[in-house]
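What follows is a single structure, written as structure tokens, with notes after it.
Derivation of every value follows stated rules applied to the coordinates shown; laboratory data play no part. This is a predicted model, so every value here is computed, not measured. Virtual Cβ from ideal backbone geometry, glycine too; neighbours counted across all protein chains shown.
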Amino acid sequence: MLEDEYQLDFFKNNGFVRKQCQKCGKFFWTRDPERNTCGDAPCDPYSFIGSPVFSREFNISEMREYYLSFFEARGHTRIDRYPVVARWRDDIYLTIASIADFQPFVTSGQVPPPANPLTISQPCIRLNDLDSVGRSGRHLTTFEMMAHHAFNKRDNEIYWKEHTLELCDELLTSLKVDPFAVTYKEEPWAGGGNAGPCVEVIVHGLELATLVFMDLKTDKKGDILIKGETYSKMDNYIVDTGYGLERFAWASKGSPTIYDALFPGIVNELMGLAGIEHELDNSEYANILAQNARLAGFMDVSEKANLIELRKKVASSIGMTVEKLSAIMEPVEKVYAITDHTRCLTFMLGDGIIPSNVKAGYLARLVLRRTLRMMKDLDIRIPLSEIVDMHIKNMPEYPEFRNNFPVIQDILESEEEKFNATMERGRRIIQKSASHFKKTGEKIPLSQLTELYDSHGIPPEMAKEVAAEIGVGVEFPDNFYSIIGELHNKAEAKEEQVIPFAERLIHLPKTKRRFYDEPTRLDFEAVVLDVFDNHIVMDNTFFYAEGGGQPADLGTVTCGDAMYRVVDVQVYEGIIVHTVDIPGRKLEITKGDIITGKVDEKRRMALARHHTATHIVNDAARKVLGKHIWQAGAQKFEDHSRLDLSHYRHISPQEIRQIELLANRTVMENKRVVTEWMTRTEAEQIYGFGLYQGGVPPGEKLRIVKVGDDVEACGGTHCLSTGIIGPIKILKTERIQDGVERIEFAAGDAAVRAMQKMESLLVDSAKTLSVPPEHLPVSVERFFGEWKDLKKENERLKEELARTRVYRMLGDASEVAGLRVVAESVVGADSLELQKIATELLKQENVVALLASDVEGVKLVASVGEKAIKCGINAGNLVREMSKIVGGGGGGKPSFAMGGGTDPTKMQDALARGLELVKDACKEA
RNA sequence: GGGCUCGUAGAUCAGGGGUAGAUCGUUACGUUCGCAACGUAAAGGCCGCGGGUUCAAAUCCCGCCGAGUCCA
């Protein structure tokens, strides 16, 4: 149905013909009338390996520069790359394409693009083909998508399909690509709620670029069907191209693998460290790699079965056994993967991702640990930071990485330590489990293996290895990781936020938010636009609606004689809804009424203080801890505020004190808080993405708030100058996730109260010990030490007392069938004391002891010597019977048992019953 | 955001309602010119914190704090 979309004058005027691929059935355009296949793998093999397709070789920097200046010379503005962590998006963690930079606000037309048309080389990270990296010869986790974009509107078209194709063809021609070798394959594109026609640009089996013409959006009522979804045309339509920088460089060199083309220095260095002779001059060796890459181009090698298939094919094509080939390829593939992964880490950490166990941080740790495992396999013993350093040296065009290197190095070091600790712990756990199954003669079952992986991070490969050392097998199926996947596949769909009264709200205009223009004013009049239940919408308001981690303003609205308390204020699509409290009466406000509003000043000020203070603490933390500090969340309250920061280790007490001091200095400087509205693009260009500490607000215009050195896009209410905040007191820090530290603090009145509370805790504690507060630490330590000593002393004394009692008791003991039976109540003895006595008596093998005391109800202890046990006397049974009498229960081993009850008056009865039981048992024996 | 595992001696960990244990380390003594090794002995525990159940909780239940780990 999109066929017409591809009938371009460009093709017609340049001698192209449209053909259908004999192998895959897809349509493509070519200048070569003889061609019958689309040119893409697997229909056509890689034919550029060993025969480069450009007139000269390019490395990455040269290729990037060639591309960008090519498009600059043709009317495009070059713009700087965006970070690889997509901080301006809340739907993805990583930047996966150049167009991601402009979603959602530019692509939707809400915000103008930074330039139009523009060209960019955007580093992207995709981890979906992680298992293929290194094996296929072509997969990368990190790549630069070179692109030119044109953002068209119906009334303002920059250029569309024809010119895009012209530019692409001109670019390839300028690189001296054989025009007959280029094919343009028709391949409708869809993703992320948009779609459109698209052509893939293929040269010698390698897809070099994708030209997407995004002009459709998902629409349930749409009449265009693509891949099972319906779409309709958009008012704005976008040229979204993607040229693979690394693939261009590879094609220019024709190396056996993309890795050898991109970073030969690092590959060679690592090969050397792994003891691999990586001599691409050796034609036999180079041929193995080339053949592997060519054949891997046909298949998805992330599947184990496919990988085995690939090995067989390569082996037979070069006349080698599969075993020998695997032995050669596996280490080489690992070196390639390590090279790629460390480049990925360079971008991730360089752009400020902190490894963690959640979100983007988890992805960084995933890549990092994969790398460490492979390095361990190859016995490459250098710190990760050394390899990252090599990448940074290779990329002088990213000076920010060099600047961040000390922090990167620090992070990598602590991650390596954590990894080693985890592996060491894992090794012990497996050893324990393996020796357990060695006894039973079984394999370690799958359930155990999944738990080891899921709960302890022990890869099954490692479990297998360690278990083998002990001589135990493991149940390790090929689909292990998909089993793990299923374990986690029970995720429930999250509820969508339901907007109440949505159908009535859509007819209302956006509420004018007057607190921005007159931040100190709290009284106002407004016209009621609509009322439903106890919710009121007005034409304007001074009430701040909950948002940006700041709770709503509260206060009152008055209409005539009726006054209502405002208990909540929310905003829906710019319309502010005030909720009032009407316990047991009717709301006497109707549409068209004029009301008087009054905002609770105390609350407003407390929240403003905490909000402005949050910006200051965030800035102070960045100054103390480093530039990688990023706000991971924040919430303000009247009496405290909390701020979550990305950081790779615990914030030390010294650092906290420093942050607190710095924050209070900013307060004391009493700097004016400046707010201004700017267009999004302008603000991003001036201040960078650091603006989005508190998330990405929608809309074309941003409210920029400057507090001291801190600049953020923020819609909250703030103090007019920092001095108004008053003192800032940090209350505590905690680690809410790996890689995220939470700072809780109070500002203004709340800070003073917090300090007073802390002081009274101190004073009260000191009073109890009758010492001045400054002696508290020493005194507490002394008391605790003494308490421990006394506890020990007490126990020793009880033992001694027990020993002396034992002599007397043995003397008083009655004799039953050659056994010495003690049945006594010990006044004032607790259960510990009874135990000591019973234990002492147990040293005599012919003794039966029945002891009781009436401390805390009734305690009973029985001990039975070895000889007595042989007579059939069981301490557990005795205590069980005796305990019943005193209204409780008990039990234990044949030689020693404890019990008790609640009724002390029956204590003697219980002892008598015990004695009786002993006598009975002796008779029977 | 969701799931799982774990907090016991300085370290590593057993135990899993009824007398708190092992190994290493520490200290002392013995052997030695001394060290290592060995032998003997000792010291070292709010069993993470707070509730609950029970005659009795390190152990079971709930909450909190802390650590680890997997997935989206």
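Assorted remarks:
- Expressed as a fraction of 2.2 N^0.38 Å, the C-alpha radius of gyration for the range A:599-649 is 1.28.
- Residues whose amide H lies under 5 Å from that of A:H139, counting only those 5 or more places away or on a different chain, are A:G134; hydrogens are built 1.01 Å from N in the peptide plane.
- Chain lengthening between A:E475 and A:R603 when straightened (0.36 nm per residue, less Cα-Cα): 39.9 nm
- Amide H to amide H, with H built 1.01 Å from N, A:V474 comes under 5 Å of A:I444, counting only residues 5 or more places away or on other chains.
- Among the listed pairs A:K334/A:K359; A:K884/A:K906; A:K23/A:K253; A:K359/A:K464; A:K788/A:K843, a Cα-Cα separation exceeding 20 Å is found for A:K334/A:K359; A:K23/A:K253; A:K359/A:K464; A:K788/A:K843.
- Helix axis angle, A:776-812 relative to chain A longest principal axis, alpha carbon, degrees: 40 degrees
- Note on A:A115 and A:N36: the model spin-label points, each 7 Å out from Cα along the C-beta direction, lie 4.8 nm apart.
- Quotient of Cα Rg and 2.2 N^0.38 Å for the range A:796-919, N being how many residues it contains: 0.92
- Residue order, fewest to most surrounding Cβ atoms within 10 angstrom, among A:C38, A:C922: A:C922, A:C38
- Between 0 and 90 degrees, the angle of helix A:161-174 with respect to the longest Cα principal axis of chain A falls at about 90 degrees.
- Near the amide H of A:V85, within less than 5 Å, lie the amide hydrogens of A:T95, all on another chain or at least 5 residues away, with H placed in the peptide plane.
- A:K23-A:I308 FRET efficiency (beta carbon distance; Förster radius 25 Å; 0.05 resolution): 0.55
- Principal-axis analysis of the Cα atoms of chain A puts helix A:359-378 at an angle of about 90° to the longest axis.
- Put the Cα centre of the range A:603-618 next to the Cα centre of the range A:821-882 and the gap is 66 Å.
- Once the Kirkwood radius over Cα pairs is known for the range A:1-77, the Stokes-Einstein relation at 25 °C and 0.890 mPa s delivers a diffusion coefficient of 158 µm²/s.
- Amide N of the range A:403-437 lying under 18 Å from the label point, which is placed 7 angstrom from the Cα of A:R735 along Cα→Cβ: A:410-426
- Karplus 3J(HN,Hα) series, Hz, for the range A:475-485 with 6.51 cos²θ - 1.76 cosθ + 1.60 (x for Gly, Pro): 8, 10, x, 4, 8, 3, 6, 6, 5, 4, x
- Loop-located GluC sites (Glu not before Pro) in the range A:254-344 (DSSP state other than H, G, I, E, B) with a sparse environment of at most 11 neighbouring Cβ atoms within 10 Å: A:E277.
- Residues A:S51, A:S232, A:S356 in ascending order of nearby Cβ atoms (within 10 Å, fewest first): A:S51, A:S232, A:S356.
- Pairwise FRET efficiency - A:E682 versus A:K12, Cβ, R0 = 56 Å, nearest 0.05: 0.85
- Dipole magnitude of chain A about its Cα centre (Cβ charges: Lys, Arg +1; Asp, Glu -1), debye to nearest 20: 1920 debye
- Annotation: for a label point projected 7 angstrom from Cα along Cα→Cβ of A:E924, no residues of the range A:851-866 have a backbone N closer than 13 Å.
- A:I92/A:E451 FRET efficiency (R0 22 Å; Cβ-Cβ; nearest 0.05): 0.10
- Neighbour counts of C-beta atoms inside 10 Å place A:R427, A:R381 in the sequence A:R381, A:R427, starting with the fewest.
- Using the Karplus relation 6.51 cos²θ - 1.76 cosθ + 1.60 with θ = phi - 60°, the per-residue 3J(HN,Hα) values for the range A:755-772 come to 5, 5, 5, 4, 5, 5, 4, 5, 5, 4, 4, 5, 4, 4, 8, 6, 10, x Hz, with x marking Gly and Pro.
- Between A:E916 and A:R504, the simple spin-label model (points 7 angstrom out along Cα→Cβ) gives 8.0 nm.
- Relative pair counts by distance (%), Cα atoms of chain A, 20 Å bins: 11, 29, 29, 20, 10, 1, 0
- The GluC sites (Glu not before Pro) of the range A:376-432 that DSSP puts in a loop, and whose beta carbon has at most 16 other beta carbons within 10 Å, are A:E397.
- Sparsely packed loop sites in the range A:208-289 (the trypsin sites (Lys or Arg not before Pro) outside DSSP H, G, I, E and B with at most 13 other Cβ atoms within 10 Å) comprise A:K220, A:K221, A:K227.
- The sum of -39500 (n - 2.57) across all DSSP H runs of n ≥ 4, divided by the residue count of chain A, sets its helix-only mean residue ellipticity at 222 nm to -13000 deg cm²/dmol.
- Dividing the mean sequence gap of close Cα pairs (under 8 Å, 6+ apart) by how many residues chain A holds gives a relative contact order of 7 percent.
- Here the Karplus curve 6.51 cos²θ - 1.76 cosθ + 1.60, taken at θ = phi - 60°, turns the phi angles of the range A:333-347 into couplings of 4, 5, 4, 4, 5, 4, 4, 5, 5, 5, 5, 4, 5, 4, 5 Hz, with x standing for Gly and Pro.
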